[in-house]
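Report on the following structure.
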Amino acid sequence: MNSSRPGASTVVAFGLLTLAITVVRLVMELNGTAPKDSGGALFWLGISWLPPLVGFVLGRQLMAAGQAPPSRRRALVWPLGLFFLAIAIVILNFGFYLREGSTHSFVITVTIGACAWMTAAFVAARTWPALARLTFAYGLWARVGVIAVTLLCLMSGWTDTHYTRFGPDQKPLLPTSNAQALLYAAFAQLFLWVPMTVLTGAIGGGIAAYVTRRGPVAAA
């Protein structure tokens, strides 16, 4: 690994693993062996579980390379607190959307959720910028892969997958065209899942900062 860019090869390796899981998950859904609910239904084979692990591995590598966060406590406590705050906002927001008679649209609901995640991720990133840059790169890689798979599903007519379902089953969002469906997918992946990756990756990295001894500081 290039000592001046610790973690770069790890981002590539996890990116390839994430793409492989995304494709396998699609095959399982097409075969009827994985749930097709919007959001993934917390199925065990998914990529939303990976960011904390990615952050932990990257955090250890940064620590070994002498690129520790300015404050270990802030690097863990702030992301944790911001994560639970964002979760609370999302739950309250969706609860309002699902309430009977609510005029709150799903697009507005997702937009508010995306703003919550982006704000939380931005603040958390400032506690350890070196880690945030790597988790952001990984998040882009992972989520662009999901967008590509969604496009494949739309072009192939595989509309009965969780990649092409939007909104909860109680009040689903039904795109009027493949272009609109791809737009919905791209918005959610880039503006909700990427910042969520940065935030949960920061939590994993914060844990790594506490359990890893800092290496010698690399020369500029």
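Could you compute the FRET efficiency for Asp37 and Arg5, with r as their C-beta to C-beta distance and R0 at 45 Å, rounded to 0.05? Numbers along the way, then the final one.
On the way: r = 39 Å, r/R0 = 0.87.
With a Förster radius of 45 Å, E is 0.70.
In the chain, how does Rg compare with the Kirkwood Rh, expressed as the Rg/Rh ratio over alpha carbon atoms? Intermediate values should be presented prior to the final figure.
Details: Rg = 18.4 Å, Rh = 18.2 Å.
Using Cα coordinates only, the ratio equals 1.01.
Can you tell me how the stretch 1-102 classifies by the Cα gyration tensor, rounded, prolate or oblate, using a/c under 1.5 as the rounded cut? Can you show the working numbers first?
On the way: a/c = 4.06, a/b = 1.31, b/c = 3.09.
Here the stretch 1-102 falls in the oblate category.
With every protein chain left in place, what is the accessible area per residue of the chain in square angstrom, probe 1.4 Å? Working shown, then result.
Details: 11400 Å² over 220 residues.
For the chain, the per-residue accessible area is 52 Å².
Under the definition of Cα pairs under 8 Å and six or more residues apart, what whole-number percent is the relative contact order of the chain? Show your work: numbers first, answer last.
On the way: 311 pairs, mean separation 85.6, N = 220.
Over the chain, the number comes to 39 percent.
When the chain is modelled as a GNM with alpha-carbon springs shorter than 10 Å, which of Gln67, Gln170, Gln189 fluctuates the most?
With Cα springs under 10 Å in the chain, the top fluctuation among Gln67, Gln170, Gln189 is at Gln170.
Would you mind getting me the FRET efficiency between Leu152 and Ala13? Use the beta-carbon distance for r and R0 = 25 Å, nearest 0.05. Before the final figure, lay out each step's value.
Numbers: r = 23 Å, r/R0 = 0.93.
Between Leu152 and Ala13 the formula returns 0.60.
Looking at the chain as a GNM with Cα springs under 10 Å, which of Leu62, Leu82, Leu17 has the largest mean-square fluctuation?
Looking only at Leu62, Leu82, Leu17, the largest GNM fluctuation is found for Leu17.
Please compute the alpha carbon radius of gyration of the stretch 86-169, then divide it by the globular-protein estimate 2.2 N^0.38 Å. Two decimals is fine.
Details: Rg = 16.1 Å, N = 84, 2.2 N^0.38 = 11.8 Å.
Normalised Rg, Cα atoms only: 1.35.
Based on the Cα atoms of the stretch 123-162, what semi-axes does the equivalent ellipsoid have, where each is the square root of 5 times one gyration tensor eigenvalue, given in whole Å with the largest first? List each step's numbers first, then the result.
Values: eigenvalues 206, 15, 5 Å².
Ellipsoid semi-axes (Å, largest first): 32, 9, 5.
Which value, in debye to the nearest 20, describes the size of the charge dipole of the stretch 1-128 about its Cα centre when Lys and Arg Cβ atoms bear +1, Asp and Glu Cβ atoms bear -1, and nothing else is charged?
On the way: 9 positive and 3 negative charges, 112 e Å.
For the stretch 1-128, the charge dipole is close to 540 debye.
Could you give me the radius of gyration and the Dmax of the stretch 146-197, taking only the C-alpha atoms into account and expressing both in angstrom?
Radius of gyration, then largest Cα-Cα span, for the stretch 146-197: 10.8, 30 Å.
Can you bin the stretch 115-220 into rounded, prolate or oblate? Criterion: square roots of the alpha carbon gyration tensor eigenvalues sorted a ≥ b ≥ c, rounded for a/c under 1.5, prolate for a/b above b/c, oblate for the rest. Intermediate values should be presented prior to the final figure.
Details: a/c = 3.15, a/b = 2.46, b/c = 1.28.
In terms of gyration-tensor shape, prolate.
Enter the Cα centre distance for the pair the stretch 34-53 and the stretch 149-220, rounded to the nearest angstrom.
10 Å
Considering only Val77, Ile47, Ala64, whose Cα is most displaced toward the positive end of the charge dipole of the chain, charges sitting on Cβ of Lys, Arg (+1) and Asp, Glu (-1)?
Ala64
Under a point spin-label approximation (7 Å from Cα along Cα-to-Cβ), what is the Leu30-His104 distance to one decimal in nm?
3.7 nm
Spelling out what I want: for every residue of the stretch 10-21, take phi, set θ = phi - 60°, compute 6.51 cos²θ - 1.76 cosθ + 1.60 (Karplus), and round to whole Hz; glycine and proline get x.
3J(HN,Hα) across the stretch 10-21, in whole Hz: 5, 4, 5, 4, 5, x, 5, 4, 4, 5, 5, 5.
Give me the dipole magnitude in Debye, nearest 20, for the chain about the Cα centre, with unit charges on the beta carbon: positive for Lys and Arg, negative for Asp and Glu.
Working: 15 positive and 5 negative charges, 190 e Å.
Dipole of the chain, to the nearest 20 debye: 920 debye.
Any idea which of Val211, Trp158, Ala188 is furthest toward the positive side of the dipole for the stretch 133-220, if Lys and Arg beta-carbons carry +1 and Asp and Glu beta-carbons -1?
Comparing the listed Cα positions along the dipole, Val211 ranks first.
Compare Met118, Met28, Met63 in a GNM of the chain, Cα atoms joined below 10 Å, and give the one with the largest fluctuation.
Met28
What is the set of long-range amide H partners of Leu173 at a cut-off below 5 Å, with H atoms built 1.01 Å from backbone N?
Phe166, Gly167
Under a 1.4 angstrom probe, counting protein chains only, how are Cys153, Cys115 ranked by accessible area, largest first? Spell out each step's value before the answer.
Numbers: Cys153 0, Cys115 65 Å².
From most exposed to least exposed: Cys115, Cys153.
Say the dipole of the chain comes from +1 at the beta carbon of Lys and Arg and -1 at that of Asp and Glu; which of Ala124, Ile87, Val24 then lies farthest toward its positive end?
Highest projection toward the positive end goes to Ala124.
Could you give me the ³J(HN,Hα) list for the stretch 122-138, computed from phi with Karplus coefficients 6.51, -1.76, 1.60 and θ = phi - 60°, whole Hz, x at Gly and Pro?
4, 5, 5, 4, 6, 7, 7, x, 4, 5, 4, 4, 6, 5, 5, 4, 5
The values are calculated or read from the model by the stated rules, or taken from the named source; none is laboratory data. Remember, it's a predicted structure, so these values are computed and weren't measured experimentally. Here Cβ is always computed from backbone atoms with ideal geometry, including for glycine, and neighbour counts include all displayed protein chains. Side chains are part of the model used for accessible areas, which takes the heavy atoms of the whole protein and leaves out ligands, DNA and RNA. Shrake-Rupley method; radii C 1.70, N 1.55, O 1.52, S 1.80 Å.
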